[in-house]
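The values are calculated or read from the model by the stated rules, or taken from the named source; none is laboratory data. Everything numeric here is computed off the predicted structure, so don't read it as measured data. Note that we place each Cβ from the backbone using ideal geometry, even for glycine, and neighbour counts take in every protein chain shown.
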Amino acid sequence: MKEPEIINVREPKPEIDTKESNITFITLVCYDRFEKPHKKLDGALAIPYILDDVKNFGNIEEEILSRTLPEQCGKIKLGHICYQVLNTSKADHYDLKADGAITAFIAGIKNKKKFQLCIYQESESQESNEFNKANKRIRTLETESETINTINTIKKSIYENLPSCDTHIQGCLISEDGRHLKLDGDIVTLWARVDEKTPPNIPHFDKTKYRYPISKRPLNNNSTILNEANSMNYSTSILHANSILTTDLLAYIFPKGSPNGKRFVIKSSLDISGKNYLSEQVISKLFTDEHVNIWIDIENIDVNYDELFD
C-alpha cells in the first residue's frame, strides 16, 4: 500500500497596513471649562490620527466624538476643541477653529512638539444661561484677547531674535549660503503658534523658498567700485525715476560722501577707453537702455598747480 504524500502548506504572511503604520496618537484631556481659571479633570484618552488626512476642524472632531470619553468628562461642549503646548502647567489653549490653527497644530506634531487636545465640560446650568448670553460673549472676547496677547508676545520675541537685514524691513531668515526668506505677519503668526525659537517644518519655511537679495547675490564682475585702499567686486540693482541725476545716485550709494581730497566718478568702464560722466546729469538721458551697467571710480582732487603750469 502506497504511503500518503505529505504536502507542506505555508501560511501566507499577513499584509502590513501602511495606513496603520502612519497613525499618530495624540492625548486628549478634559477641562471643567474653557475660561480661566480652569481645572483639568481626571482621565485622558489617546486619539489616533493619520496626520496627512487631517485637513480641517471636522477631521479632528470626528475622531474624538467616535470614542467613548472618560466618565469624568460628563457632557462636553460640542464644536469647541483646542490644543495646548505641553511646556508649562499654565500653557495657553489655542482654538482649533482659529485661522491657521490646524496647519500650526499638524506642523507642530510632525515636528515632534508635545501637544495635547483639550475639550471642555458643558456647564450644568446651561439651560439657565439665556440671561447671561451677552456676558458670555464678553468673556469669550476677553479669552481671545488673552490668547492674541500671548501670540503677540511670542511674535515680538521672534522678531527680536531675527538676524539683522538691511533689505527686508519686516525681517527674514538667512541660510548658511546667504539666501534670505522674507517674513510677513501671517508667517510669523504661524511660527508663534508652534514654537518660539525654531521655525516650524511647514511649506512656508521650506529651504527652496529662500532667495538671494539683490545686493547679496554671489559676487560677479558686472560692476566695480574702487576705493583708495583696494578694489572689490560689487553688484547691485537700483530702480530710478527718469529725473534722477548722477549726483543723486552717488548720494544714495554713498550717503556719507567721499573721503577728504577725493571724489566719486561715474564711468562707462574702468578701461582706458572708458567714458567719464560729469555730475548733475540726468541718468535717463545718458543711458537709453532699460538696464545698464556702470562703474564708479574714486579719484584724487588735490591739484598741484606748480606741476600743472610748469
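Of the numbered criteria (1) in a loop (DSSP other than H, G, I, E, B); (2) among the polar types (S, T, N, Q); (3) modelled with pLDDT of 90 or more, the one ASN8 fails is (3). Just one of the numbered conditions (1) closer than 16 Å to ASN152 by Cα; (2) more than 10 Å from the chain's Cα centre (by Cα); (3) of a type in the set (Ser, Thr, Tyr) is not true of SER175: (1). Evaluating LEU117 against the criteria (1) closer than 24 Å to PHE57 by Cα; (2) modelled with pLDDT under 85 leaves one unmet condition, (2). Candidates in segment 42-94 are the residues that are aromatic (Phe, Trp, Tyr) and touching a Ser or Thr at 6+ places or on another chain (Cβ under 8 Å); of these, the one that is surrounded by the most Cβ atoms within 10 Å (Cβ to Cβ) is TYR94. When segment 83-104 is limited to residues that are of a type in the set (Val, Ile, Thr) and modelled with pLDDT of 85 or more, the one that is nearest to VAL194 (Cα to Cα) turns out to be VAL85.
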